[in-house]
Each structure stands twice: as C-alpha cells, then as structure tokens.
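Trainee: This is the structure I want to talk about, given as structure tokens.
Bear in mind these aren't lab numbers, they're just calculated from the coordinates by the rules spelled out. On a predicted model such as this, the values are computed, not experimentally measured, just so you know. Don't worry about glycine lacking a Cβ; one is built from the backbone with ideal geometry, like all the others, and counts go over all protein chains shown.
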Amino acid sequence: MDFSKLIAIRQSVRNYEDKPVEEEKIRELIEAVRLAPSASNSQPWKLIIVNDPVLKTRVAKSTFNALISFNKFSVQAPILAVLVIEKPKMITQIGGKLKDREFSLIDIGIAAEHFCLQAADLGLGTCMLGWFDETAIKQLLHIPDQKRIGLVITLGYAKKDDLLRKKNRKSREEMCHYNRY
C-alpha cells in the first residue's frame, strides 16, 4: 500500500468483529516490531501477543474499571499486544542520562507505530491503550515486577459500520515551522 494512504487509513478502532486474526498476519506484525529502529539498536522491548481467549479477556478487563470505562471495548478485540519496556544498552542509558531523555519510551512508540501501521496494511484495526492496571496485567502475563508495561494494543478486524473517520488534526501552519519556533 502507498505510505500516504496507509497513514490516512490508520485510526484507533474501538469496535471489533468477532473474527480471529490469521496466524500469518500475526507473524507479519511481530516482524514489523522486530524491525523497528531504536536508539543504539537497543531494541528495549518484549512483545507479548495475548491470543488465548480467556487470558485475553482477563487482560482486557484490566484496562478499565467501574469508574474509568473508556477502554471497555478492548474485550471485543480478539488479540491484545503488550509492549514491555526492557533495559536499553548501556550506551543508550548513559546518553539518556546525559541528555535527560527516555529513549526507551521513544523506541516503544516507534515499535508500536510499526505494529499499528503494519496492521492497517493487513486490513486490521488497532488502538493503543495507555490506561491499564499494570500490576494486574503483570501478574496475568508473568511479567517480572521490575519491568514496566509501555502500551497495550488492541488488534482485530474493525466492524464494517465503523467507517473511516475524518482526522481532526492541527493545520500544517499550527504544527510546523521552518527555521524557527
């Protein structure tokens, strides 16, 4: 697919069909994350694909509660992808301290976007979730206590009635300047 078209059709999907995602497509998504660039090639992530229906539902229910229900749609998604932040290479850690930057967070964002753009290219929908009960998900997925979860991404086929929405974005003039702020 043409890249301009791909970024135009990628959107956060919150209404999924009850249809499984093919294993070949999951492998392509894993490869997209594997090939994502990172600071000093640290690749500071582990990707956990949650496709067991019972476990997936339990993880999905950890992305909302009685008061905060905006991620309730996550239960519909047939798959969840969990990006766990790993320790970057020593050179990246030193550079991050010197420059006061969290390079691993930038790297996780790049890896997540690779996942989401590859999904869109494969006809799949995604939504990145930053709101979740990290402790509960770590217990469910046996993630070590000292690790952090960067993002949870829902994955599946968007319902046909979930048409492509108009993107509400700042104008070019608002978001881009040449040669000065």
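Trainee: Checking the conditions here, which among Gly156, Gly123 is touching a Leu at 6+ places or on another chain (Cβ under 9 Å), under 27 Å from Leu6 (Cα atoms) and not basic (Lys, Arg)?
Mentor: Values: Gly123 fails: touching a Leu at 6+ places or on another chain (Cβ under 9 Å).
Checking each option against the conditions leaves just Gly156.
Trainee: Any residue at all in the stretch 90-106 that is part of a helix (DSSP H, G or I), closer than 22 Å to Arg34 by Cβ, within 18 Å of the chain's Cα centre (by Cα) and among the small types (Gly, Ala, Ser)?
Mentor: Taking every residue of the stretch 90-106 in turn, at least one turns out to be part of a helix (DSSP H, G or I), closer than 22 Å to Arg34 by Cβ, within 18 Å of the chain's Cα centre (by Cα) and among the small types (Gly, Ala, Ser).
Trainee: Step by step: first the residues of the stretch 48-72, then only those that are in contact (Cβ under 8 Å) with a residue 60 or more places away in the chain and among the β-branched types (Val, Ile, Thr), then the one that is nearest to Ile85 (Cα to Cα). Which residue is that?
Mentor: Ile48
Trainee: I'd like the residue in the stretch 1-42 that is in contact with a Pro (Cβ under 9 Å, 6 or more places away or on another chain) and assigned to a helix (DSSP H, G or I) and, out of all such residues, is surrounded by the most Cβ atoms within 10 Å (Cβ to Cβ). Even if it seems obvious, please write down each step before you answer.
Mentor: Here is the first cut: in the stretch 1-42, the ones in contact with a Pro (Cβ under 9 Å, 6 or more places away or on another chain) are 16-21, 38-40, 42.
From what's left, assigned to a helix (DSSP H, G or I): 39-40.
On the way: Ala39: 20, Ser40: 17.
Checking each candidate, the answer is Ala39.
Trainee: Further, regarding this structure: Taking Val54 as meeting all but one of (1) buried (at least 19 other Cβ atoms within 10 Å of the Cβ); (2) outside any loop (DSSP other than H, G, I, E, B); (3) among the aliphatic types (A, V, I, L, M), write down the number of the exception.
Mentor: (1)
Trainee: Could I ask something else about it? State whether the residues of the stretch 59-69 include one that is surrounded by fewer than 16 Cβ atoms within 10 Å (Cβ to Cβ) and part of a helix (DSSP H, G or I).
Mentor: To start, the set of residues in the stretch 59-69 that are surrounded by fewer than 16 Cβ atoms within 10 Å (Cβ to Cβ) comprises 65-69.
Filter again for part of a helix (DSSP H, G or I), leaving none.
No: zero hits.
Trainee: Among the residues of the stretch 138-152, which ones are in contact (Cβ under 8 Å) with a residue 40 or more places away in the chain, outside any loop (DSSP other than H, G, I, E, B) and more than 9 Å from Thr63 (Cα to Cα)?
Mentor: Matches in the stretch 138-152: Leu140, Leu141, Arg148, Ile149, Gly150, Leu151.
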